[in-house]
Amino acid sequence: MVATLLSSGFQLFIPRYLGKAVDNAQGFLQGAVAGVAEIEAALWLSAWMILGLSILRGLFAMVQNYFGESLNDCIAADLRKAFYHRVQQLDASFHDNAHTGDLITRGMLDLEGIRHFPSTGLVRTVMLLVLVVGGSILLISTDAVLGLISLSFVPVIAVRSAIARIQLRYLWLKQQERLTVLTNAMEENLTGIRIVRAFAAQAHELLRFDKHSSAVRQVAFERLMARVRSMTFMGFSFFVALTLALWVGGNKVLAGEITVGTLTEFLAFMMILQMPVRQIGMTVNSYARASTCGARFFEILDYPNPIESGKTLPDLKITKGEVRFEGVHFGYGEGETRVNVLSDITFNVQAGKTLGIVGPPGSGKSTIARLIPRLYEVTGGRILIDDQDVREVSLHSLRGSVGGVQQDSFVFTASVDSNIAYGNPWSDDAGVIQAGRDAQLHDFISQLPGNYQTLVGERGVSLSGGQRQRVSIARGNLINAPICILDDATAAIDADTERRIHDAVIARHDHRTSIVISHRLVSVMHADEILFLEEGKIIERGTHEELLDLRGRYAELHSLQMGASSSVEAALAQVSPG
Amino acid sequence: MSRGVRPPRGVIGAQVSHDEEMFGRVFDGRVMRRFFSFVWPYQRLLAFALIAVLVFVATQLAIPLVILYAIDHVIQPGAAATVALSSVIMFLAGVVLVNYLANYCQEALVGRIAENVVVDLRRAMFAHLQRVSLSFMDKTEVGRVMSRLQSDTGTLQEFLETSVFAIGDVVLLFGIVITLLVLDAELGLLTLSIVPILLVVRYFWLPHARAAFRRARETNSMANGALAEAIHSVRTVKAMVRGKDNHELYSDLADLNLTTHLRAAKLAQVNVPIVDGLTGGAMAIIVIVGGRMVFSGALEVGVMVAFLFYVQRFFDPIRSLTIQYSMMQRATVSGQRILEVLDVPETVIDVPDALDLVNCTGAISFDQVSFHYTPEISVLEAVSFSVSPGEKIAIVGPTGSGKSTTAALLRRFYDPLSGRVCIDGHDLRTLSQDSIGRHVSMVLQEPFLFSGTIFENIRYASVTKNTADVERAAQAVGAHDFIARLPGGYLFVLDQGGGNLSLGQRQLLSFARALVADTRILVLDEATANVDSYSERKIQRALNILLEGRTAIVIAHRLATIRDCDRILVLNHGRLVEEGSHQELMDIDGLYARLCRLNYASFDDVPSSATR
Ligand SMILES: Nc1ncnc2c1ncn2[C@@H]1O[C@H](COP(=O)(O)OP(=O)(O)OP(=O)(O)O)[C@@H](O)[C@H]1O
Ligand SMILES: Nc1ncnc2c1ncn2[C@@H]1O[C@H](COP(=O)(O)OP(=O)(O)OP(=O)(O)O)[C@@H](O)[C@H]1O
Ligand SMILES: [Mg+2]
Ligand SMILES: [Mg+2]
């Protein structure tokens, strides 16, 4: 700031010396009184002053710009960290509704939009203020009328830029919103590129792109014109003031009221202002942009976070590892839009025991799995782990005690090693390799060019469906949490491999409390209790044998998977269409 | 900046910071020409814009000249020339007005061209990405491509929009040089003697600055990559409680980014006092030399004043170019990155006289097909089989044995390295890709849905299909019931990737989408892996009717899924090891028979040692 003030201050004095120099030069012409030597000395003085002031101005401008940019960068770095932290902290229901493309745009582009403002915008504004205020004092003290005329453009610009700011802010917001729509469309297209190709839908996708793209273009044009109108008008008002100054000043010189040097000083000062005046337009534009970007950026930072914020809670103390659901109700969404997904779910998995869950798609199995680590908040009833309500223990300790495999496996763009060690980055080589072996991945990994260091994921070797799932299993295994939830973890794995994984994992972790969700009965039939879920309700429960004896839905599933049974076929013949 | 100990295996974001290895380098010499081809369609606008720029610069130059004239010839103390002054003022007012109009036109026109060019570039990139080979897309993070589609075009646009200043400034620069020389050649040359010094300084400074800027950009994209990863993987991060570690790792990245940015800023700014000093030097020369010349009568005062004005105007653009150096750098690099995308080669392309297969019976043959993604790992080796029209065959095998790859080759996502894949006896390479799409539809192993309504998703590209078709398909896969229960039914809006449905439900929709396409050949890659057997059986019965006479390839691990198939192919390590009906394969007692026994046995029944 100080540097800004000084550098603009120095800038102010330069015209004064230019004026002096001109006056001196003029002095000769008029056959002035002074001797040659004196004039010579005066010229040198002016020259040195100009040179010195310029260098000083440059030095201070450098310091000012450097500190300005450092300020930007420091603020940007802090904002970056805060955004990252916030994104990780925001709960699952927020992420359900947010589009990744939108979040990324905010975290990257909007950040850039804000980052450039403090230095360019703020500093320019301050500089302009100093120039104008300092200049007005200098000029008005020299000649009040001429000074006022020279500065007559200032109020015009002030009003015009205020109007432009409002318009531009609105248009920037609109443009950013439309750009987000376009971004999301492009991102989905690229993520689903195989579907696009498989259905030869390129033309279809281009049509969609064009629709969004022309919406963006249209508002971009509007914004452009708003900016151009205000900027050129500001430039115009400046030159009008210049013309007026020349006119009035010229007349004054003619009338002998001021010297040509004074007039030159005025005009030189105005010339110096020309650049900053041009920049006001830019500043207004970048201010409008920064404030819209800022609004979008801070919307995320300020988003309320019901689950993860709030008072500090005691850590979960695992004594046995017992999981209990007591009359749990749950629905996704808020208020009106909430659809009930689970109703009155009650069960109890004793320490070291296994619970199996089966049921048709959408019956709520994964939802149960998500409620235990409190990714979502139950809407009724409660969930207890070793008699502690999950809502009354710290999230960190809770999620640290619940491990397993999610239904969607995410592979990071990193080495196989880092992928397996994702949940436990402190583990050693032996641990990672053991986890790889248990998940039946070791042989595959050994044949990769870089073994465990091979890059996988988007940039490296793409994995087959089953390989991806096994990476998740290895990752889940390495955590070795007392409570383990396997959500359809072997759907893409053949029976042979599945059995070997099962043997290795069971052998290793027999003491864990597990919840196994699967469509393949072989994975759940050995469980201590099996729940059959349908539309969010438990409709059958018991051990494998009990359920078979019940001759209900579970028994039907069983006979379908264990070879066709005529009774089921007959039942199906009635329900099947046509 | 907390510098604690970081977990040894904790990494976030792709650790590779150079994009260059992925996108080849652009052929540098033609960058300008390539860009120009995007500007060329707007040649009329461009011509007007150039005229406006010239007029603007001319008036910009004229204003000081008029003032100079006024001071020199009109405003002489004593010479009562009020009339002359008025006419000069009138003239100046005219020039100012023209200046205003020209300024308006140039800004509006250049801005318009810039916006259009950027939109066109983005579209060209997007359209190109629709054609580049999947092997490229496989290895490229979506985030990186997105940043080119999005932030690089943004940077370029920002630059182009303000580039009107640059064009004007360059013209102005030349104009000023000429004016200076014309006004007084000697003083002009003296003043311009500053310029070579400037060039020398820049020569030494540029390489350092460039390196610093590149580093800053690299760390930028590393940090952005990590952010994108965090956003995509947030559920895994939560479940794995990596939040705190990641936050620390990310802080390191952000700090690194900060350090490199600060260094770049430092390098950009050292230039400022040098340029300012030189400006001062030039003015000092004018004051002394000009002053003496005025003294000796060789120069008029007005000319000296004009010189002082022009010198300021001369260095202004140089100054602002220095200050905005980072902006220019960014724009240049962005331009290159955009061209790199446009230069990614297409490897799977239609041959010039590609056959547009109109009617298709649905016969498929694989003839000694070999394939690998990376030379180190062979995926398919000499696989041969044929499927007659209307036949339903199953492909089974351990994970990673090449089943999905076989499906990908049939849809010509890739070309086989040797051997042929044929539909109706035509090598796929001789058919147009669009026509393959009309005859083959797929359910991919990973169900992918777009955000939008369920209706739009099921219908997808088959825009000629109506609601009844969509409902029929949904009914066949047993999705109609749950859709009907959703608020809005078929108009229920899916979140990104169908996140507000369960995985099984997503799979059903992706299945229905393939049915609506109504093709002769249907490839089902684990289409019902996340669906229970009861629902699956219902689907199978419905399909038996719906797919009567069509060719189907069914890939599955759960053997109940393939019970209706006519023939079973067994893949192992990329080789076709067994082929035949269920009974035939059971009789051979090979891999299939073992998989079969395991499928139907509980984990407790068969000790795993016996399965080896
Ligand atoms: N895009 C790719 N780039 C590089 N390697 C790949 C790619 N896709 C698959 N692979 C590799 O090719 C091999 C075969 O993969 P494929 O997807 O065909 O297996 P699959 O039989 O479908 O297995 P699964 O039952 O697990 O789905 C695997 O080892 C896999 O790692
Ligand atoms: N994030 C979400 N937002 C809104 N609704 C959701 C969300 N996730 C799931 N649902 C809905 O909740 C219900 C239960 O989903 P859930 O994922 O628990 O099913 P599931 O039993 O795991 O099914 P599947 O066998 O297909 O995995 C479904 O009707 C689904 O549409
Ligand atoms: Mg599920
Ligand atoms: Mg596969």
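Data for the structure
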item	result
Subset of the stretch B:516-531 (residues that are closer than 20 Å to B:LYS465 by Cα and either within 16 Å of ligand 1 (Cβ to nearest atom) or not in a loop (DSSP other than H, G, I, E, B) (or both))	B:VAL516, B:ILE521, B:LEU522
Residue check, A:LEU244 of a type outside the set (Asp, Glu) and more than 7 Å from chain B (Cβ to nearest Cβ)	yes
Count - residues of the stretch A:76-97 that are more than 8 Å from chain B (Cβ to nearest Cβ) and either among the basic types (Lys, Arg) or over 16 Å from the mean Cα position of the chain (by Cα) (or both)	2
Which listed residue, of A:SER363, A:SER409, is more than 16 Å from ligand 4 (Cβ to nearest atom), of a type in the set (Ser, Thr, Tyr) and either on the phi < 0 side of the Ramachandran plot or not in a loop (DSSP other than H, G, I, E, B) (or both)	A:SER363
Any hit, the stretch B:544-556, residues being more than 30 Å from B:SER370 (Cα to Cα), β-branched (Val, Ile, Thr) and modelled with pLDDT under 75	no
Unique residue being more than 30 Å from A:SER394 (Cα to Cα), hydroxyl-bearing (Ser, Thr, Tyr) and within 15 Å of the chain's Cα centre (by Cα) when the list is A:THR125, A:THR100, A:THR105	A:THR105
Scan of the stretch A:412-432 for residues that are surrounded by 20 or more Cβ atoms within 10 Å (Cβ to Cβ), assigned to a helix (DSSP H, G or I) and more than 7 Å from chain B (Cβ to nearest Cβ), ordered by number	A:VAL416, A:ASN419, A:ILE420, A:VAL432
Matching residues in the stretch A:329-381 - criterion: being more than 21 Å from A:VAL405 (Cα to Cα) and charged (D, E, K, R)	A:GLU334, A:GLU336, A:ARG338, A:ASP344
Within the stretch B:487-515, tally of residues that are within 30 Å of the chain's Cα centre (by Cα), in a helix (DSSP H, G or I) and facing another protein chain (nearest Cβ under 10 Å)	8
Residue check for B:ALA407: in a strand (DSSP E or B), in contact with a strand residue (DSSP E or B) (Cβ under 7 Å, 6 or more places away or on another chain), under 30 Å from A:ARG470 (Cα atoms) and more than 16 Å from ligand 3 (Cβ to nearest atom)	no
Subset of the stretch B:440-464 [surrounded by 22 or more Cβ atoms within 10 Å (Cβ to Cβ) and more than 28 Å from the chain's Cα centre (by Cα)]	B:VAL440
Selection count, the stretch B:473-506, where residues are surrounded by fewer than 20 Cβ atoms within 10 Å (Cβ to Cβ), touching a residue at least 12 places away in the same chain (Cβ under 8 Å) and of a type in the set (D, E, K, R)	1
Tally, over the stretch B:423-437, of residues that are in contact (Cβ under 8 Å) with a residue 40 or more places away in the chain and either under 25 Å from the mean Cα position of the chain (by Cα) or buried (at least 19 other Cβ atoms within 10 Å of the Cβ) (or both)	6
Pick from the stretch A:137-147, criterion buried (at least 16 other Cβ atoms within 10 Å of the Cβ) and either under 51 Å from the mean Cα position of the chain (by Cα) or of a type in the set (Phe, Trp, Tyr) (or both), ranking: modelled with the highest pLDDT	A:GLY147
From B:THR405, B:THR453, B:THR399, B:THR430, residue being of a type outside the set (Phe, Trp, Tyr) and under 30 Å from A:ASN97 (Cβ atoms)	B:THR453
Options A:THR319, A:THR264, A:THR354; residue that is away from ligand 1 (no atom under 16 Å from the Cβ) and away from chain B (no Cβ under 13 Å)	A:THR319
Of residues in the stretch A:322-335 being touching an Asp or Glu at 6+ places or on another chain (Cβ under 9 Å) and within 14 Å of another protein chain (Cβ to nearest Cβ), the one nearest to ligand 4 (Cβ to nearest atom)	A:TYR332
Single residue of the stretch A:336-351 satisfying the filter (part of a strand (DSSP E or B) and either surrounded by fewer than 16 Cβ atoms within 10 Å (Cβ to Cβ) or within 11 Å of another protein chain (Cβ to nearest Cβ) (or both)) that is nearest to ligand 1 (Cβ to nearest atom)	A:VAL341
Residues of the stretch A:451-505 classified as within 16 Å of ligand 1 (Cβ to nearest atom), surrounded by 23 or more Cβ atoms within 10 Å (Cβ to Cβ) and charged (D, E, K, R), total	5
Any helices (runs of 4 or more DSSP H) falling wholly within the stretch B:174-268 and containing at least 1 residues that are among the basic types (Lys, Arg) and crowded, with 19+ Cβ neighbours inside 10 Å	B:194-232, B:234-239
Residues (among the small types (Gly, Ala, Ser) and either at pLDDT 85 or above or in a loop (DSSP other than H, G, I, E, B) (or both)) located in the stretch B:115-149	B:ALA124, B:ALA127, B:SER133
Unique residue being more than 31 Å from the chain's Cα centre (by Cα), assigned by TED's automatic domain parsing to the domain that holds B:SER581 and modelled with pLDDT under 90 when the list is B:SER388, B:SER370	B:SER388
Matching residues, the stretch B:483-527, being farther than 25 Å from B:VAL396 by Cα and hydroxyl-bearing (Ser, Thr, Tyr)	B:TYR490, B:SER502
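The values are calculated or read from the model by the stated rules, or taken from the named source; none is laboratory data. As the structure is a computational prediction, the values presented were derived from the model and not from experiment. Every residue, glycine among them, receives a Cβ derived from its backbone with ideal geometry; neighbour counts consider all protein chains shown.
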